[in-house]
1. Using Cβ-Cβ distances only, list the Cys residues of the chain with no partner cysteine under 4.7 Å, sorted by number.
2. Cα-Cα over 21 Å: which of LYS9/LYS49; LYS96/LYS141; LYS57/LYS201; LYS96/LYS312; LYS6/LYS201?
3. Rg/Rh for the stretch 1-100: what does it come to with C-alpha atoms and Rh from Kirkwood?
4. What does the extension gain come out to for VAL92 and ASP160, with contour length at 0.36 nm per residue minus their alpha carbon separation?
5. Dipole magnitude of the chain about its Cα centre, charges +1 at Lys/Arg Cβ and -1 at Asp/Glu Cβ only, in debye to the nearest 20?
6. Does anything in the stretch 180-200 have its amide N under 14 Å from the 7 Å Cα→Cβ label point of THR222, and if so which residues?
7. Amide H neighbours of TYR94 under 5 Å, counting only residues 5+ apart in sequence or on other chains, H built in-plane at 1.01 Å?
8. For the stretch 66-108 and the stretch 255-292, what is the centre-to-centre distance using only Cα atoms, to the nearest Å?
Amino acid sequence: MIYRSKGPKSFDQLGYLLQKAYEGRHLSLGELECLLSTRDPDMLTSLFKTARAVKEKNFGTSIYCYGFVYFSTHCRNDCSFCFYRRSNPSSVRYRKTDEDIIDLATALEDSGVHLVDLTMGEDPVLHNGSGYGRLIEIVQKVNDAVKVPLMISPGVLPSDIFTDLTNAGGDWFACYQETHNRRLFEQLRPEQDYDIRLLQKEWARRSGMLAEEGIMIGVGETIADRARSIQIMGDLGARQVRAMSFIPQCNTPMSSRDTAQFLEELVAIAVMRLVYPDRLIPASLDIEGISGLRSRLEAGANVITSIIPPSKGLAGVAQHELDIDGGGRTVSQIEEVLDGMGVRLGTPADYASRIEEWKLNDRSMGVVH
Ligand code: SAM
Ligand code: MD0
Ligand code: SF4
């Protein structure tokens, strides 16, 4: 059960915390919990306004956008929240050919995305005893075909694969812990190792990739868990941090849970923005589709993820169909929303130079081994 007793008691208290964050001063765990418990409508307006101001101070009016290629939906794992868990017989299963993956990535690049996210379930064909040669080959082929940076979201890999993945063209490695409460993790990701999953982010950074970390909202975590996660995500050095609302999936153990209150996600986005002014924070189209874009950007997000080309037989994750074949998850649709908000897409060069600067910084700080 979420407890809310620690929300700001007055506008003075809220103003103090927002000012502190705006000036870049450290917020304690208790202060994060307090901000995460904000629910009064006028206080929420102030919270989101400050989060936007912090975003604009660091990123101006530039927003970035990611194409999503979920190229294999086969999975050996049985995550209780996921439609694609191995024991769901009604899940949509496909495995795209290398040619299909290249065509999809190229089409996304041509449509104007800043990055292509290559995502898969822990497909037993690609995660097999004889190594990860096929995965590396796919990444290399896509990298040869497109100029935009690549994100790889393959699930959990052994430590010795990361350098090959970086050399093949991986710029980002995404692997979300979902929660940093170990007990809850065991329920969400049964038979998976908490520590090995957490280490993925470190191994990725050591090999020269940037890391994305994330949590789910509405899976049984407390506000204190969310505050701790926000702190840990920062400590990991993740340059992109996300919060996504849980969407219940049929034929899964969590099918009869309530859908998360999307407001809870927006508050988490705003607090992450206050604490991490210069990191990337996604507004995923995979939760509420295109209709949920504006609220997420207004809460402080600055990267639109889960852009999916229509009618190519590609699925989303939390929303496997929503807005895909209707063309709602395309760059032209998001540009309409951005126009109405007075913001715009950044240039690919701007995006690429930002991430190159981060990589150089990691090298000069001795993160890369
Ligand atoms: N299989 C890889 C893994 O688990 O890391 C990569 C892809 S996985 C499908 C990507 C993420 O989607 C998960 O880590 C989780 O955060 C999110 N996700 C999956 N099912 C979801 C659901 N029902 N609601 C919200 N987010 C979900
Ligand atoms: C998204 N459906 O961005 C995608 C996915 C995997 N790196 C990302 C969760 O919402
Ligand atoms: Fe597999 Fe990823 Fe879904 Fe878990 S979240 S069942 S690892 S696809």
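The values are calculated or read from the model by the stated rules, or taken from the named source; none is laboratory data. Remember, it's a predicted structure, so these values are computed and weren't measured experimentally. Here the Cβ positions follow ideal geometry from the backbone for every residue, glycine too, while neighbour counts run over all protein chains shown. Quick note on the areas: whole protein, heavy atoms, side chains included, nothing else; ligands and nucleic acids left out. Shrake-Rupley method; radii C 1.70, N 1.55, O 1.52, S 1.80 Å.
1. Here CYS34, CYS65, CYS75, CYS175, CYS250 come out as lacking a disulfide-compatible partner, given the Cβ-Cβ threshold of under 4.7 Å.
2. Working: LYS9/LYS49 19 Å; LYS96/LYS141 14 Å; LYS57/LYS201 28 Å; LYS96/LYS312 10 Å; LYS6/LYS201 32 Å.
Violating the 21 Å Cα-Cα cut-off are LYS57/LYS201; LYS6/LYS201.
3. Numbers: Rg = 21.1 Å, Rh = 17.7 Å.
Result for the stretch 1-100 is an Rg/Rh of 1.19.
4. On the way: separation 68, 0.36 × 68 = 24.48 nm, distance 3.13 nm.
Stretched fully, the VAL92-ASP160 segment lengthens by 21.3 nm.
5. I would put it at about 780 debye.
6. It comes to 180-184, nothing else.
7. THR73, HIS74
8. First find each Cα centre; the distance between them is then 22 Å.
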